[in-house]
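J.: Once you've had a glance at the structure underneath, I'll fire off some questions.
Each value in this text was obtained by applying a stated rule to the coordinates, not by laboratory testing. Small disclaimer: the values here were computed from a predicted structure and weren't measured. Backbone-built Cβ (ideal geometry, glycine too); neighbour counts: all protein chains shown.
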């Protein structure tokens, strides 16, 4: 049964406050552990905030024991209507320092509002004093998080960490995604256009393209996931890499397969060729933007490979 915040007693409010400080401290600790290897500056700030939350929890427990005894009732946040919500973003395997910093600011602001509401509801002088002190501390924490971001930006630490985050994103997401997109876009050209020119039938070409795209996606996904557990290379979770690679492989093949749903063979083929050109352009842009490959070099490499496979498919289908 969900209980309204306005119906809570002082005992239940203190129990909720203890629960909130415990959970926030654990979240900050989890964030700090996740970042300490690659982003030590932000991790140090989070560890300091975790220790602050632990001190808040101790003060709340002391007050609770003084007023109500040793037994703290189990009140979970989901048992209280409108209680502060904490999305489980710490379960995301690819969290960036900037997203964590933003989340910390949001958490401190929400906790400050909780203490303000609790302060307005309780009448005990000792409880009001502690809740007021904690509300002010949380408000300072909100500014502290903002000040830390500014200070670290001025010192260059934030820029350095953001660049490291970008490199990790490229390593863990862009690289497997790009490998899949290239494989799906290029390797499926031959079977799709071979079937198209061999049968002169759009539906047959579509079925071959669909089968090739899905099959290649499954194959590339498993190959990427099983190639490396990420422990030594830093390439991240195998399941994430495999999923990204598999989906992008399928997407790369599906792009120039869908036009063959058009019944008119010549029109379908023309649209498919245009889609292929767009796909190759996107791949060249990704290589230039994320992999620092010179644009002309990226275009030449991608277009050359795509054209060769395209021609091979047409020649085989026309034989």
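J.: Just to check your reading of the model, which residue among 12, 55 is free of Cβ contacts under 8 Å to residues at least 24 places away in the same chain, part of a helix (DSSP H, G or I) and on the phi < 0 side of the Ramachandran plot? Before the answer, list the steps.
T.: Values: 12 fails: free of Cβ contacts under 8 Å to residues at least 24 places away in the same chain.
One residue alone meets the criteria, 55.
J.: Give me the residue from segment 261-272 that is part of a helix (DSSP H, G or I) and touching a residue at least 12 places away in the same chain (Cβ under 8 Å) and, out of that set, farthest from residue 314 (Cα to Cα). Can you show your working first?
T.: Filtering segment 261-272 for residues part of a helix (DSSP H, G or I) gives 261, 265-272.
After this cut, where a residue has to be touching a residue at least 12 places away in the same chain (Cβ under 8 Å) as well, the list is 261, 265, 268-269, 271-272.
On the way: 261: 19, 265: 14, 268: 15, 269: 11, 271: 16, 272: 13 Å.
Here the residue is 261.
J.: Can you tell me how many residues in segment 36-52 are in contact (Cβ under 8 Å) with a residue 40 or more places away in the chain and not in a loop (DSSP other than H, G, I, E, B)? So that I can check it myself, show each step before the final result.
T.: Filtering segment 36-52 for residues in contact (Cβ under 8 Å) with a residue 40 or more places away in the chain gives 38-39, 41-42, 45-46, 49, 52.
Cutting the leftovers down to not in a loop (DSSP other than H, G, I, E, B) gives us 41-42, 45-46, 49, 52.
Adding up the residues that qualify gives 6.
J.: Yes or no: residue 67 part of a helix (DSSP H, G or I), farther than 20 Å from residue 119 by Cβ and touching a residue at least 24 places away in the same chain (Cβ under 8 Å)? Before you say what the answer is, go through the steps one by one.
T.: Values: part of a helix (DSSP H, G or I): yes; farther than 20 Å from residue 119 by Cβ: no; touching a residue at least 24 places away in the same chain (Cβ under 8 Å): yes.
Answer is no for this residue.
J.: Also, I was wondering about something else. Out of all the residues in segment 173-202, which are over 30 Å from the mean Cα position of the chain (by Cα) and either under 18 Å from residue 255 (Cβ atoms) or surrounded by 20 or more Cβ atoms within 10 Å (Cβ to Cβ) (or both)?
T.: Within segment 173-202, 189, 190, 191, 192, 193, 194, 195, 196, 202 qualify.
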